[in-house]
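J.: Below: one structure in structure tokens.
No lab work stands behind these numbers, since they all come straight from the coordinates. Quantities reported herein were computed from a predicted structural model and do not represent experimental measurements. Don't worry about glycine lacking a Cβ; one is built from the backbone with ideal geometry, like all the others, and counts go over all protein chains shown.
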Amino acid sequence: MPNLGGAVCTGTGGAVSTGRGGAESSEFSTKGISYMQKPEKIYLHHPNIQYALNHENINIGALREIFFYNQTKNVHNVTYTDKGDFKLDDKFVFEIGGKNKTAQQIAGVPNSFIVSDDIETGYKNQIPLWMFGFLY
């Protein structure tokens, strides 16, 4: 199997961190190898790797989440959260989606934001996904 630049797994309460050499590793509160048996999600190191693996059937939702993770991981502590898709620096919760994404999944969560693809400008707690590209 060729080296695809690494992947990262997330589980409930798990912290996502970057290892040496561009490979991804995970740190979880769970002890032992049991957390790797059924991870919540697996993120590739870079969104373009998804096209190399399966160019005919791209999951746009996963692609958006991989992009967000890839852009934020170098400047923030990124963790998994039960409400929303990601939690940055144990303070801000982000729900990733398309332009019609609603705040239903993050309702009542303080410091929560919707990161939307296919929009040009933000409004209130909605931020365009492309803006996170400036963090890298």
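J.: In which sequence would 78, 93 go, from the one with the fewest C-beta neighbours within 10 Å to the one with the most?
T.: Sorted ascending by nearby Cβ count, the order is 93, 78.
J.: Can you list residues from other chains, or at least 5 along the same chain, whose modelled amide H is less than 5 Å from the amide H of residue 44?
T.: Residues meeting the criterion, in which the H sits 1.01 Å from N, are 8.
J.: Tell me, what HN-Hα J-couplings in whole Hz come from the Karplus equation 6.51 cos²θ - 1.76 cosθ + 1.60 at θ = phi - 60° for each residue of the range 101-113, using x for Gly and Pro?
T.: 5, 9, 8, 4, 6, 10, 4, x, 8, x, 6, 10, 9
J.: Here's something else I'd like to know. Roughly speaking, what is the stretch gain from residue 130 to residue 104, that is 0.36 nm per residue apart minus the C-alpha to C-alpha distance, in nm to one decimal?
T.: 7.1 nm
J.: Something else: List every residue whose amide H lies under 5 Å from the amide H of residue 115, counting only residues 5 or more places away in sequence or on a different chain, with H placed 1.01 Å from N in the peptide plane.
T.: So residue 115 has HN proximity to 95, 96, 97, 127.
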